[in-house]
Amino acid sequence: MRNELDLKAFLNRKVKEYNRPAFIAADPICVPHSFDRKQDIEIAAFFAATFAWGNRTTIIGKCRELMGLMDNSPHDFVLNHKPRQLKALEGFCHRTFNTTDLLYFISFLQHHYKKSDSLEEAFVGKALSREDEGLSSEPIENYLNHFYSYFFSLEDAPDRTRKHIAAPMKHSACKRLNMFLRWMVRTDKSGVDFGLWKNIHPSQLICPLDLHVARVAKRFQLIGRPHSDWQSALELTHQLRKFDPDDPAKYDFALFALGVLERF
């Protein structure tokens, strides 16, 4: 790329190419797109994002398997499951995510949805989710750290499950949670992201960063740090805000596609 304007134009073309309905079917986001109810979408998306490492076909298959075990009504299952239904979950696993992790995830979700109608509050907290106060300007870092602490606040939280929820305070890039937030917060006419949550603005989002995105970003000199950690995610997003300060996470479509689909 000759200069920053060339790179912006190139990435905008790639966003337009991949941020369209045809992208959905082969991506884990297709799992929450199977649902219409807000809470079902949130739960399906949360598991899809949690499972999102490795082969995308496998990820989608495991997500659909889990949704089937939850009678394809994840919100109702979380709130009203019987012991025999939990028994049916035994043996479920995806890579290092096993039955112990799954049962705790369900326990947390039940705990949360018994007092809230949206998973958004688990991130922003009650004080930040009052609609009369409008959009919060809180850094995403605070939301993610709050969520981590809240998620593991139940007495029976297994130590082994902590590796499945990242947090900036642990120096993680938080790729999967940032992707989940992108799904929930971003809204445009393409129909890929859901735009269900209104207390976080797209401008606050951090671009999901994994090894593939980092490789492409380094090639474009968008990040200079050697590690794919939280500071690198912030550095990348800072550069992307120069191209679109209101919606930097949209460039995830371009960087992901270049790194994974086009092997740029």
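Taking the criterion of being among the β-branched types (Val, Ile, Thr) and surrounded by fewer than 12 Cβ atoms within 10 Å (Cβ to Cβ), the only residue of region 69-108 that qualifies is Thr96. Scan region 35-57 for residues that are modelled with pLDDT of 95 or more, under 22 Å from Pro208 (Cβ atoms) and loosely packed, with under 14 Cβ neighbours inside 10 Å and the total you get is 1. Does Glu133 qualify as being of a type in the set (Asp, Glu) and at pLDDT 95 or above? It is false that Glu133 is of a type in the set (Asp, Glu) and at pLDDT 95 or above.
Looking at (1) within 25 Å of Phe10 (Cα to Cα); (2) touching a helix residue (DSSP H, G or I) at 6+ places or on another chain (Cβ under 6 Å), find the lone condition where Leu196 falls short. Every condition holds for Leu196 apart from (1). Considering only residues that are surrounded by 23 or more Cβ atoms within 10 Å (Cβ to Cβ) and under 13 Å from Pro208 (Cβ atoms), look in region 145-177 and name the one that is farthest from the chain's Cα centre (by Cα). Only one residue tops the list, namely Ala173.
Against the test of being within 30 Å of Gln231 (Cα to Cα), in contact with a Phe, Trp or Tyr (Cβ under 6 Å, 6 or more places away or on another chain) and in contact (Cβ under 8 Å) with a residue 60 or more places away in the chain, the options Phe97, Phe123 yield a single qualifying residue, Phe123. Taking region 237-264 as the search range and keeping residues that are farther than 16 Å from Pro202 by Cβ and part of a helix (DSSP H, G or I), which one is nearest to the chain's Cα centre (by Cα)? Taking the candidates together, the pick is Phe256.
Has region 181-192 got any residue that is farther than 18 Å from Ile43 by Cα, surrounded by 19 or more Cβ atoms within 10 Å (Cβ to Cβ), of a type in the set (Ser, Thr, Tyr) and under 15 Å from the mean Cα position of the chain (by Cα)? Within region 181-192, not a single residue is farther than 18 Å from Ile43 by Cα, surrounded by 19 or more Cβ atoms within 10 Å (Cβ to Cβ), of a type in the set (Ser, Thr, Tyr) and under 15 Å from the mean Cα position of the chain (by Cα). Being touching a Ser or Thr at 6+ places or on another chain (Cβ under 9 Å) and among the charged types (D, E, K, R) is a property that Asp76 lacks. Per the conditions (1) more than 28 Å from Gly54 (Cβ to Cβ); (2) modelled with pLDDT of 95 or more, the sole criterion not satisfied by Leu102 is (1). Quick check on Leu11: is it within 30 Å of Asp188 (Cα to Cα), in contact (Cβ under 8 Å) with a residue 12 or more places away in the chain and in a helix (DSSP H, G or I)? Judged against the criteria, Leu11 is a match.
The values are calculated or read from the model by the stated rules, or taken from the named source; none is laboratory data. Bear in mind the structure is a predicted one, so any value in this text is a computation, not a measurement. Counting neighbours? That spans all protein chains shown, and the Cβs are built from the backbone with ideal geometry, glycine included.
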